[in-house]
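What follows is one structure encoded as structure tokens, with my remarks underneath.
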Amino acid sequence: MALVATLITAATTTQRPTEQVSPAPQVNTDAVVWRTAEPPMEPEAGDIWINPKDGMALVYIPAGAARARLWPPVCARCRAARTVN
């Protein structure tokens with residue numbers, strides 16, 4: 001039983017890495033780069049996790065922090081079609 005508790009504690013108490021994100025994001029100037037086999041359990045806004053399988057950098061964005069937007073908001077042709085003469 002003690003071994004199981006030790007393993008669970010070790011998995012949930014991962015220390016934050018010291019490698020800083022550069023340039024630092026405005027939302028969190030203390031954002032760090034995680035180079036671990038699994039995604040971090042408790043990332044902070046702006047933290048980056050490097051996926052070891054494909055080398056992709058994934059940025060953590062907290063739920064509700066970003067809104068989906070269409071780009072461009074309205075194309076010129078659509079705007080012209082909606083113009084009332």
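Look at the stretch 34-63: where a residue is on the phi < 0 side of the Ramachandran plot and a partner is of a type in the set (F, W, Y) and assigned to a loop (DSSP other than H, G, I, E, B), sitting 6+ places away or on another chain with Cβ atoms under 8 Å, you get P40/Y60; P43/Y60; E44/Y60; A45/Y60; D47/Y60; I48/Y60; W49/Y60.
Listed here are the residues, each with its yes/no results for (1) touching a Gly at 6+ places or on another chain (Cβ under 6 Å); (2) in a strand (DSSP E or B); (3) modelled with pLDDT under 90; (4) among the aromatic types (F, W, Y).
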{"position": "A11", "(1), (2), (3), (4)": "no, no, yes, no"}
{"position": "S22", "(1), (2), (3), (4)": "no, no, no, no"}
{"position": "I61", "(1), (2), (3), (4)": "no, no, yes, no"}
{"position": "A66", "(1), (2), (3), (4)": "no, no, yes, no"}
{"position": "W71", "(1), (2), (3), (4)": "no, no, yes, yes"}
{"position": "R79", "(1), (2), (3), (4)": "no, no, yes, no"}
{"position": "V84", "(1), (2), (3), (4)": "no, no, yes, no"}
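The values are calculated or read from the model by the stated rules, or taken from the named source; none is laboratory data. Small disclaimer: the values here were computed from a predicted structure and weren't measured. Every residue, glycine as well, gets a Cβ built from its backbone with ideal geometry; the counts of neighbours run over all protein chains shown.
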